[in-house]
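The values are calculated or read from the model by the stated rules, or taken from the named source; none is laboratory data. Because the structure is predicted, anything quoted here is derived from the model rather than measured. Quick reminder, even Gly has a Cβ in these numbers, built from the backbone with ideal geometry, and neighbours come from all protein chains shown.
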Amino acid sequence: MVNAPSRGIAAALILLALALALVPLGGDKYWIKLVTRMMVLGIFAMSLDLLVGYTGLVSFGHAAFFGLAGYVLHLISPDDAAVNMLWALPACLAATAAAAAVIGALSVRTRGIYFIMVTLAFAQMLFYFFHDSDLAGGSDGAFIYVKPVVQLGDWVLLDLGGRTALYYLALASQVVIYAGLVVMLRSPFGKVIQGIKINEHRMRALGYNVYVYKLVSFVIGGTLAGYAGFLFASIDGFVSPELLGWQESGIALVMVILGGMGTLFGPLIGAIALLGVEELFRDRAVVGVMAEHWQILMGGFVIAVVLFLNNGLGGLLVRLAGRREGER
């Protein structure tokens, strides 16, 4: 069950948020965009952790909702003007929520490896729909020429095309979504879905409709993934079928495992670690000629974390915080 974060972990998360808030003050455009990607992918991974770490639903098609939101944003965005986020974002979230409801209604009837394969199949269906059709550029992808804005009349409150607007929106979203999920997982609904993960048969015997609870959790996770996809498409102003592919779902699952399943904050750390270590291993000044084979180094890093850190980087943070508080 989700408890309130310990003082040590809460302090570490606050310090991390403050450090992220200071990045635009000293970072150039490249680093601002890179850290924005980390935070957006952290939201994506956190939405998957809701399914994997708390509901016991290992989805290998979570990228379907991530990429679908980006494509919906492209389709509703005019080529010569900025779309208003006040209606564009609800449209993207409604589309992903509807897709998650349809896919979830069929998928959550299965379990284990069958659930994994069904979610993968649905994601690949969407992948090939956008890949093989001319609806949004086909296999070449499509551009979002003008990034969304929040506009009331002639007054532009927020322009995601600005240097730091999208960055701070991603940071604020990360904080709000994390806090919202913590509250939700400590509510009766959250305790039920965690009980389903531990022992689904017992929860059914207690009278709970586990199908409905799993479906609602699936829809919430898919909608949050759609929100992350909306932000990710706004970073570069480009969408491609790869956003819906199984590789993207695999990367999100690696972030969850790397950060620690069932920790909620772990996937945020996992996203930062995965992209940060990748950037390090691609730097020839740091790893020399091995920079040309950075995937080998990355694979070794992930394997080392899985083998030597119980429940990833988030689990390590929990143990360190507990040890420090025990010494007081």
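Yes/no matrix, rows are residues, columns are (1) among the basic types (Lys, Arg); (2) in contact (Cβ under 8 Å) with a residue 60 or more places away in the chain:
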position: Ala252; (1), (2): no, yes
position: Met255; (1), (2): no, yes
position: Leu268; (1), (2): no, yes
position: Ala285; (1), (2): no, no
position: Gly288; (1), (2): no, no
position: Leu307; (1), (2): no, no
position: Arg319; (1), (2): yes, no
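Candidates Met184, Met117: the one that is surrounded by 15 or more Cβ atoms within 10 Å (Cβ to Cβ) and part of a helix (DSSP H, G or I) is Met184.
Being of a type outside the set (D, E, K, R), under 15 Å from the mean Cα position of the chain (by Cα) and more than 15 Å from Ile9 (Cα to Cα) is a property that holds for Gln247.
Check Val256, Val289, Val306 and return the single one that is surrounded by 18 or more Cβ atoms within 10 Å (Cβ to Cβ), hydrophobic (A, V, I, L, M, F, W, C) and either at pLDDT 95 or above or assigned to a helix (DSSP H, G or I) (or both). On inspection, the qualifying residue turns out to be Val256.
Considering the conditions (1) in a helix (DSSP H, G or I); (2) within 18 Å of the chain's Cα centre (by Cα), Tyr30 is excluded by exactly one of them, (2).
Remark: Gly104 matches the filter, which requires a residue to be surrounded by 21 or more Cβ atoms within 10 Å (Cβ to Cβ) and either touching a residue at least 60 places away in the same chain (Cβ under 8 Å) or within 30 Å of Ile198 (Cβ to Cβ) (or both).
Taken across region 51-58, residues that are of a type in the set (A, V, I, L, M, F, W, C) and in a loop (DSSP other than H, G, I, E, B) do occur, with at least one present. Against the definition (under 29 Å from Gly250 (Cβ atoms), in contact with a Lys or Arg (Cβ under 8 Å, 6 or more places away or on another chain) and touching a residue at least 40 places away in the same chain (Cβ under 8 Å)), how does Thr55 come out, yes or no? Criteria met by Thr55. Of the residues Leu86, Leu22, Leu73, Leu18, the single one that is more than 18 Å from the chain's Cα centre (by Cα), in a helix (DSSP H, G or I) and over 23 Å from Tyr178 (Cβ atoms) is Leu86.
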